[in-house]
1. Could you tell me which of the residues GLY55, GLY63 is modelled with pLDDT of 95 or more, surrounded by fewer than 10 Cβ atoms within 10 Å (Cβ to Cβ) and outside any strand (DSSP E or B)?
2. Got a sec? Which of LEU50, LEU11 is at pLDDT 90 or above, more than 15 Å from the chain's Cα centre (by Cα) and surrounded by 12 or more Cβ atoms within 10 Å (Cβ to Cβ)?
3. Could you please let me know if ALA33 is under 12 Å from the mean Cα position of the chain (by Cα) and free of Cβ contacts under 8 Å to residues at least 40 places away in the same chain?
4. Which ones in the stretch 14-34 are loosely packed, with under 12 Cβ neighbours inside 10 Å and either within 30 Å of ILE77 (Cα to Cα) or among the acidic types (Asp, Glu) (or both)?
5. If the Cβ limit is 7 Å and pairs must be 6+ apart or interchain, which residue in the stretch 60-86 that is acidic (Asp, Glu) pairs with which residue that is in a helix (DSSP H, G or I) and surrounded by 10 or more Cβ atoms within 10 Å (Cβ to Cβ)?
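The values are calculated or read from the model by the stated rules, or taken from the named source; none is laboratory data. No experiment lies behind these values; they were computed from the predicted model shown. Don't worry about glycine lacking a Cβ; one is built from the backbone with ideal geometry, like all the others, and counts go over all protein chains shown.
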Amino acid sequence: MSKKLKPTVTLPGKVEKVIPAIVAVEPEKAQIAVEGADPLYREIRVENSLKDEKGDAVALKEGAHVEVTIEANSDAIEPEDLSKKNLQHEPKGRRS
């Protein structure tokens, strides 16, 4: 049975810092700077717990280069409006 491919975008990122858990019940976090995001929104924080190819628990290191993938279901997308996109890239004063 084939799995439907979901629309995705993958952006490069870098682990800026690893934030230790303040209390034992909270997980350690990794703060990742996502390249290509708006400056105000470029950092995300995620639980610093991954699994390697063997299924063993691993964690990201500070300074690590990573990829951030955004994936959407088909009911969460719509066709891109290219007319709006083109207007945003025209020089000022040239819009009619």
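1. On the way: GLY63 fails: surrounded by fewer than 10 Cβ atoms within 10 Å (Cβ to Cβ).
Just a single option satisfies the conditions, and that option is GLY55.
2. Numbers: LEU11 fails: more than 15 Å from the chain's Cα centre (by Cα).
So the residue among LEU50, LEU11 that is at pLDDT 90 or above, more than 15 Å from the chain's Cα centre (by Cα) and surrounded by 12 or more Cβ atoms within 10 Å (Cβ to Cβ) is LEU50.
3. yes
4. GLU26
5. The qualifying pairs do not exist here.
Residue-wise test of (1) touching a strand residue (DSSP E or B) at 6+ places or on another chain (Cβ under 6 Å); (2) β-branched (Val, Ile, Thr); (3) modelled with pLDDT of 95 or more.
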{"site": "ILE19", "(1), (2), (3)": "yes, yes, yes"}
{"site": "GLU28", "(1), (2), (3)": "no, no, yes"}
{"site": "VAL68", "(1), (2), (3)": "yes, yes, yes"}
{"site": "ALA76", "(1), (2), (3)": "no, no, no"}
{"site": "LEU87", "(1), (2), (3)": "no, no, no"}
